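The values are calculated or read from the model by the stated rules, or taken from the named source; none is laboratory data. No experiment lies behind these values; they were computed from the predicted model shown. No Cβ is skipped: glycine too gets one built from the backbone with ideal geometry, and neighbour counts run over all protein chains shown. The protein model used for the area step is the full one, side chains on, heavy atoms only, and it has no ligands, DNA or RNA in it. Shrake-Rupley method; radii C 1.70, N 1.55, O 1.52, S 1.80 Å.
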Amino acid sequence: MTVGTTEYHKHITSKYNFAFGKDTPFLPSNALSQSGEFMSPKSFITAQYCGHCHQESYRQWRQSAHSNAFRAPWYLKNVNMLIEEKGVQYARHCEGCHNPVALLSGDLSQGMPRKRPFEDEGVTCSTCHSIVSTTTMGTGSWVMGTPAVLVDESGQPITRPVSDGEILAHLDRHSKAVMRPVMQTSEFCAACHKAAIPRTLDDYKWLRAMTPYDEWQQSSFAKQSPLPFYRKDVVSTCQTCHMTREALPTGASDYGAKEGKLVSHRWLGANTIMSQYYKFDEQAEKTVAFLRNGVFNVDIFALESEKPASGESPLIAPLGAASFNVAAGDALTADVVIQNKGIAHSHVPEQRDFYESWVDFTVKDASGKVISESGFLQPDGDLDPSAHSFTNRIINNKGEFNDRHQIWHNRVLAYNNTIQSGRSQLVRYRFRIPKEMTGSLSLTATVKYRRFNQHYIDFAMSQKHYPEPVVEMAAQTRAFVIGENKAAPVAADAKDQVPEWMRWNNYGIGLLDAQQYAASVAAFEHVAKLRPDYADAYTNQAVVQILWEKYDDARPNLAKALALLPGDPRALYYRALVERNGGQVNEAISDLEAVLVKYPRSRDALRELGFSYYQQHNYPKARDIYEKLQGVDPDDLAAHYNLAILYRRLGQKEKASFEAARFADQKDDPTASVYALEFLRKHPEVANESVVWHVHDLTGDPVKHSDKIEYTYMSGGGM
């Protein structure tokens, strides 16, 4: 323990506002100190000190979002609004991740100076490198050990000032002081890159705020779940993408480099405005490159014709491999498939209420003149309100949009249009070819991104029309002529060309998430025809049929998948659902146990196995499985509910009461949907976005295109 820590703790305790109990001084943050006491800010080493030896790491860190986590004006504006409304003690919820030193020092209490310790360093070197353990509860769920740059012969941290010479003479002991295995895991990042809004903050109930860790853990990148639509060969952690090992710049020096390469301390992500505001040009350039590095596949996949020729399918697909005719005056619907192929979590992640990413869809004539557009920016900087955006709308208890990130007033999501890792979203645009038009027409779909919506950044910066960068992340253009269009076979040596089977697969995933089950099955049938050896083509059909509650139809597809890929955990998981639905609980348990042999951290398999044992009244086994599930996700609602019953039946009354209370606090509030409905009633311009299957109508026609047309899917070529 640092010399003087106990005295410091006593000093802070004498005047600290223990708003949430003497035993929980840091709530609403989940952060803890290893000693259980407050920690003097003087016990933390400054980043400048670390920069003596780690010059390049320091330079990169200074430009990172971590370094500026506390001082950025858009953050301060929001957290100060919370402080002014509810009191500084509630800001502990935020500072556990934005300024850990301020939290641990007891600074977040009435009567303390408004100038926080380490306010210019935010998440500094000695915070991350002093954390000894984390949990996946998030909201700052870390335990802070004693900051030190060196340990003694017995492995205890040395808290006195240490010279560079001592460190260089004992590099092994320096490494033990600042490096721990947990730092190389995604669970380390989960401590802050997962969060909830607890009752202690909102005076209402527990609400999940953001889940990047959970999304990663269930993605193909983590290889901990068999359920993603695509499979990866190797595991990628948070560090794999956000802390890549790069060559040291010419002339740079850093003792942490190995063989001339250094783990990046930029933590490149999506904070495009920070580098602009602080004039970090290098960080800005690298951030834009990061956002454009294979994140999305944009595919203008199909055209839907309202007046198909006799005997022809109304669906022209896939574009590029299909022959078709269009005429001037025709009304067409473009089916655009956006695949999140390169992110291990959703897009957009984290605080989705003020991030802004959308699709800009244009129809242009041969001269480049825009005929129709969805997703344009208005003169005041606001996004076209009917644009398709990858965001959500968080509604407060007045039925209004929480437009300034007042998360302590959150009640319900009106909708959530984010794209999960590995999945696809189908976006439809109806447009009309101008009458008497000749020549060609081009369609372009572009995924764009900016850090904040215009309304929030204007509020944060107290300035109208505050400029911020807009990044074009990915785009595709398809051109066709008015008249006959012939199929254009893909060249055998074409680079970066998405195979036709994968285009149909992505389309099927988008249809599935749009709850168009018949069309989704048909799309996956195309995949099976193009790749009859692809087991997932049959499993995917079964996935749709299970959601459609056509369990008997799913059986033969799963049998085909398992014949092609014996013992495949993905097919076994879905077969278990079919078996249990048919009363074959023993068979379902056998399949789920086989899944867990290869994927022991599959939360879905654990959840279903626990319930299967529960159905058999095997309460001890069901309890054990649900406890394992909580080891993966401590907030799993089914685990809370069923463990409350299981513990009670097994005579563990105290545990039963605890789980029942957690379930009651974390379950959905059935009355909260009223707030969402009230908001959507007042805002018809965005109500369309809350419907999973909708069309963006750019024609201006008085009669809207029907969303209830069922199509017979036929390939236009390339089969």
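Figures for the structure shown
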| read-out | value |
| --- | --- |
| Taking region 141-227 and dividing mean pair separation by its residue count, relative contact order in percent (alpha carbons under 8 Å, at least six apart) | 19 percent |
| Two-site label geometry, LEU76 and HIS52: point separation in nm, points 7 Å out along Cα→Cβ | 3.0 nm |
| Extended-chain gain in nm, criterion 0.36 nm per residue less alpha-carbon gap, LYS86 and GLN378 | 101.6 nm |
| 3J(HN,Hα) from dihedral phi, region 39-50, Karplus parametrisation 6.51/-1.76/1.60, rounded to Hz, x for glycine, proline | 10, 5, x, 5, 7, 8, 7, 6, 5, 4, 4, 5 |
| For region 52-58, 3J(HN,Hα) per residue [Karplus equation, 6.51 cos²θ - 1.76 cosθ + 1.60, θ = phi - 60°, Hz, x = Gly/Pro] | 4, 9, 9, 5, 6, 4, 5 |
| Accessible area in the full protein assembly, largest first, 1.4 Å probe, for MET137, MET473 | MET137, MET473 |
| Region 575-667: relative contact order as a whole-number percent, Cα under 8 Å and 6+ apart | 18 percent |
| Estimated [θ] at 222 nm from DSSP helical runs (n ≥ 4, -39500 (n - 2.57)) normalised by residues in the chain, nearest 500 | -10500 deg cm²/dmol |
| Solvent exposure, largest accessible area first (probe 1.4 Å, DNA, RNA and ligands not counted), of LYS307, LYS550 | LYS307, LYS550 |
| Accessible surface, the chain, averaged per residue in Å² (probe 1.4 Å) | 44 Å² |
| Prolate/oblate/rounded call for region 1-159, Cα gyration tensor, a/c under 1.5 rounded | oblate |
| At R0 = 45 Å, FRET efficiency that the Cβ-Cβ distance of LYS232 and THR438 yields, to 0.05 | 0.40 |
| Net lengthening on full extension, LYS261/GLU7 (0.36 nm per residue, minus Cα-Cα) | 87.1 nm |
| Amide H partners (placed H, <5 Å) of VAL151, local residues excluded | ILE158, HIS174, ALA177 |
| Pairwise FRET efficiency - LYS205 versus VAL182, Cβ, R0 = 35 Å, nearest 0.05 | 0.70 |
| Rg [Å, one decimal], Dmax [Å, integer] - region 556-632, C-alpha atoms | 12.2, 36 |
| With all protein chains modelled, accessible area of SER657 [1.4 Å, Å²] | 80 Å² |
| Amide H contacts under 5 Å for ILE419, placed H, 5+ residues apart | HIS347, VAL348 |
| The chain: angle of helix 619-632 to the longest principal axis, Cα-based, in degrees nearest 10 | 80 degrees |
| Region 560-692: C-alpha gyration tensor shape, a/c 1.5 cut-off, then a/b vs b/c | oblate |
| Percent breakdown of C-alpha pair distances by 20 Å bin, ordered from the shortest bin, for the chain | 15, 46, 33, 6, 0 |
| Table column - 3J(HN,Hα) (Hz), region 144-150, Karplus curve with 6.51, -1.76, 1.60, x for Gly and Pro | 8, x, 7, x, 7, 9, 8 |
| Two-site label geometry, ASN586 and THR240: point separation in nm, points 7 Å out along Cα→Cβ | 4.0 nm |
| Theoretical FRET efficiency, 1/(1+(r/R0)^6), r = Cβ-Cβ of SER35 and VAL370, R0 56 Å, to 0.05 | 0.30 |
| 5 angstrom amide H check on ILE343, placed H, neighbours 5+ away | GLY422 |
| For region 190-246, the spread of Cα positions along each principal axis, largest first, Å | 45, 31, 12 |
| C-alpha long axis of helix 73-86 to longest principal axis of the chain, angle in ° | 70 degrees |
| The chain - percent relative contact order, Cα under 8 Å, separation 6 or more | 12 percent |
| Whole-number Å³ per residue for the convex hull built on Cα positions in region 367-495 | 185 Å³ |
| Sparsely packed GluC sites (Glu not before Pro) within region 425-490, loop by DSSP, other Cβ within 10 Å at most 14 | GLU436 |
| Distance between modelled label sites at LEU171 and LYS621, nm, 7 Å Cα→Cβ extension | 5.4 nm |
| Largest-first ordering by accessible area, 1.4 Å probe, given options LEU698, LEU565 | LEU565, LEU698 |
| On Cα atoms only, tilt of 281-291 relative to the major axis of the chain in degrees | 50 degrees |
